[in-house]
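Novice: Encoded as structure tokens, here's the structure I'll be asking about.
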Amino acid sequence: MGARFERQRHLLDFAVASLARRPAKNLGLTLVYALVVFLLGSVMLFGSAIRREAGVMLADAPEIVAQSMVMGRHDLATGADLEALKGLRGIRRVEPRLWGYLWDSAGAANYTVMVPSPSDAAHALASGEAIVGEGVARARKLAVGKPFFLVSPAGKFLRTRIKAILPQASALVSSDLVLVAEADFRSFFAIPADRYTDFAIEVANPREVSTIAEKASVRLPTYRFVTRADMHRTLEALFSWREGLALALLAASLLAFVILAFDKASGLSAEERREIGILKAIGWETSDVIRMKLWEGTAISGTAFLAGLLAAWVHVFFFSAGLFEPVLKGWSTLWPRFPLSPEVDALEIATLALLTVVPYTAAVVVPIWKTAVTDPDAVMR
Amino acid sequence: MTSASLASRPRGSTLAALSTCGLVLALGALIAAALLARPATEARRESGRALARELGLTDPALFGEARYTRHPSQADLASAFQDAPTGLDHFPAGSLVAAPRGFGTGHIGGGEE
């Protein structure tokens, strides 16, 4: 055991000395390698962190949302339809909801204007009061007690006073919200008394959601019913799509790196070939040469992988993936400022290692083996 | 190079082990910090979850430029082309947000597993 360990240690000593003889080349390779790991790692860590964050926060989304459709477009729901739904067996509660979008030219952003549920005591509002999300407060430089004005597309003016600002902890789901009282909402958007944006349905038995939605769609055939499972699937598709898209783009850089590594290894320099030849001439076995070169590769890929992962972690969780922000934000002016929290996922780290270390190892081992099995005399010539 | 200076220089394997240990320790420290911060993280997520439950929120507030990017789960079907039948997608986020999957007929049941 001791002798075998010493043998491997001597091989590693030799590999490190061999790397140190070509510092610029090997340092450059390690840096490029670490950069590839950093980019792929940042995308993976960011994608999974945001998916988890949104998944947890939206876990209690309404069980079913019923939307009225007219000519394939979303329309206002009526009070009569509300009564029709309430009479359905298995439905515990139907909550008529009022919400809509408002383009605010002062903040140059789209807000989601919403009326809190009457059962939500924490966000109860009197006429003339408003609660805004963190993004709205930032865009309009608002503070509690300050006046906040909105202008409707019809030119109607709504004057409110800020009652509270929603906490930054929930910015991921609430950044662009403007909560107002029902009376203010109706007069601002000119919505008649028995019209609603949609209905949130709570069912008595969560396992019967699809059955209830089916029965409700028979009763209200012009409505579209979106279940919580549908919402979660959309959320999953949204983030997987984005992560997949970024990874697909980065796959090109990974491929370029593999080609670089393969090219470097297959075109071993004359000096390296001579070194292998001398080692074989003085009695090294082919397996020793390959082991030594494997140690070289392990030193490079291990250092690059760890350094790249470390940098990706710091980039995503300490700098909120700042390098991706311009791409992610698009035209979104109220991009929420939310902290991302890491969750240790061994599978994720293993996948990253598989995506980066394996292609590199595969690219370098074959050319080295080909050189190592050649006759030393031929190699040195 | 004298034999004394050679003897005082650390071996390559020692240097490699030390640098690996340094990187692993730094990574371990970050992971440990994440584990230690977990109760605070859970509390923060719980407050967001409570708010989403109270207000009945359905989608993350990431891209506010259009209906189908702000509320992808509530948008019309095939909403990328809702403003004109052959209209191209206007917004940068449109290339990042996928069309809703598994909605089947638009009624429940078709997309359920």
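The values are calculated or read from the model by the stated rules, or taken from the named source; none is laboratory data. Computed from a prediction, not measured in an experiment: that's the story for all the values here. Positions of Cβ are generated from backbone atoms using ideal geometry, with glycine treated the same way; all protein chains shown enter the neighbour counts.
Novice: What about residue A:114, is it within 11 Å of chain B (Cβ to nearest Cβ) and over 25 Å from residue B:47 (Cβ atoms)?
Specialist: Answer is no for this residue.
Novice: Let me ask something additional. All but one of (1) away from every other protein chain (no Cβ under 11 Å); (2) in a strand (DSSP E or B) hold for residue A:83, so report the exception by its number.
Specialist: For residue A:83, the failing item is (2).
Novice: Quickly run through segment A:114-136 and pick out the residues that are under 19 Å from residue A:172 (Cβ atoms) and in contact with a Phe, Trp or Tyr (Cβ under 9 Å, 6 or more places away or on another chain).
Specialist: A:114, A:132, A:133, A:134, A:135, A:136
Novice: Also, I was wondering about something else. Six or more apart or on different chains, Cβ under 8 Å: which pairs go from a residue in segment A:140-160 that's part of a strand (DSSP E or B) to one that's among the acidic types (Asp, Glu) and at pLDDT 90 or above? Could you list them?
Specialist: A:158/A:184; A:160/A:129; A:160/A:184
One line per residue, one yes/no per condition, for (1) buried (at least 16 other Cβ atoms within 10 Å of the Cβ); (2) within 10 Å of chain B (Cβ to nearest Cβ); (3) within 23 Å of residue B:61 (Cβ to Cβ); (4) out of contact with any His (no Cβ under 6 Å at 6 or more places or on another chain):
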{"position": "A:305", "(1), (2), (3), (4)": "yes, yes, no, yes"}
{"position": "A:316", "(1), (2), (3), (4)": "yes, no, yes, yes"}
{"position": "A:322", "(1), (2), (3), (4)": "no, no, yes, yes"}
{"position": "A:325", "(1), (2), (3), (4)": "no, no, yes, yes"}
{"position": "A:334", "(1), (2), (3), (4)": "yes, yes, yes, yes"}
{"position": "A:341", "(1), (2), (3), (4)": "yes, yes, yes, yes"}
{"position": "A:344", "(1), (2), (3), (4)": "no, yes, no, yes"}
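Novice: Out of the residues in segment A:238-258 that are buried (at least 19 other Cβ atoms within 10 Å of the Cβ) and within 18 Å of residue B:70 (Cα to Cα), which is farthest from the other protein chains (Cβ to nearest Cβ)?
Specialist: Here the answer is A:239.
Novice: Just for helices (runs of 4 or more DSSP H) wholly inside segment A:263-381: which have at least 3 residues that are more than 30 Å from residue B:14 (Cβ to Cβ) and at pLDDT 80 or above?
Specialist: The helices (runs of 4 or more DSSP H) meeting that bar are A:286-318, A:346-372.
Novice: Here's a follow-up. From the residues in segment A:216-237 that are of a type in the set (Lys, Arg) and at the interface with chain B (Cβ under 9 Å from one of its Cβ atoms), which one is farthest from residue A:54 (Cα to Cα)?
Specialist: Across segment A:216-237, the extreme among qualifying residues is A:224.
Novice: Would you please list the contacts, defined by Cβ atoms under 9 Å and residues six or more apart or on different chains, that run from a residue in segment A:5-18 that is farther than 14 Å from residue A:299 by Cβ to a residue that is among the acidic types (Asp, Glu)?
Specialist: Close Cβ pairs (under 9 Å, with a partner that is among the acidic types (Asp, Glu)) amount to A:7/A:288.
Novice: Taking the condition at pLDDT below 85, surrounded by 21 or more Cβ atoms within 10 Å (Cβ to Cβ) and part of a loop (DSSP other than H, G, I, E, B), does residue B:75 pass?
Specialist: Against the criterion (at pLDDT below 85, surrounded by 21 or more Cβ atoms within 10 Å (Cβ to Cβ) and part of a loop (DSSP other than H, G, I, E, B)), residue B:75 qualifies.
Novice: Hey, among A:213, A:200, which residue is within 14 Å of another protein chain (Cβ to nearest Cβ), closer than 24 Å to residue B:54 by Cβ, in a strand (DSSP E or B) and touching a residue at least 12 places away in the same chain (Cβ under 8 Å)?
Specialist: After ruling out the rest, the residue left standing is A:200.
Novice: Which of the residues that make up segment A:133-161 are closer than 18 Å to residue A:102 by Cα and in contact with a helix residue (DSSP H, G or I) (Cβ under 8 Å, 6 or more places away or on another chain)?
Specialist: A:133, A:134, A:135, A:142, A:148, A:150, A:152, A:156, A:158, A:160
Novice: Considering only residues that are closer than 30 Å to residue A:300 by Cβ and touching a helix residue (DSSP H, G or I) at 6+ places or on another chain (Cβ under 9 Å), which ones fall in segment B:23-50?
Specialist: Those that are closer than 30 Å to residue A:300 by Cβ and touching a helix residue (DSSP H, G or I) at 6+ places or on another chain (Cβ under 9 Å): B:23, B:24, B:26, B:27, B:30, B:31, B:34.
Novice: Please state which of the following conditions residue A:19 fails to meet, knowing it meets all the rest: (1) more than 30 Å from residue A:314 (Cα to Cα); (2) surrounded by 15 or more Cβ atoms within 10 Å (Cβ to Cβ).
Specialist: Every listed condition holds for residue A:19 apart from (1).
Novice: With A:225, A:257, A:262 as the choices, which residue is out of contact with any Gly (no Cβ under 8 Å at 6 or more places or on another chain) and within 30 Å of residue A:80 (Cα to Cα)?
Specialist: The conditions single out A:225.
Novice: Which of the residues spanning segment B:40-67 are farther than 14 Å from residue A:336 by Cβ, at pLDDT 90 or above and assigned to a loop (DSSP other than H, G, I, E, B)?
Specialist: B:56, B:58
Novice: Is there any pair with a first residue in segment B:25-38 that is more than 7 Å from chain A (Cβ to nearest Cβ) and a second that is basic (Lys, Arg) and part of a helix (DSSP H, G or I) whose Cβ atoms are under 8 Å apart and which are 6 or more apart or on different chains, and what are they?
Specialist: As it stands, the answer is none, since no pair meets every condition given.
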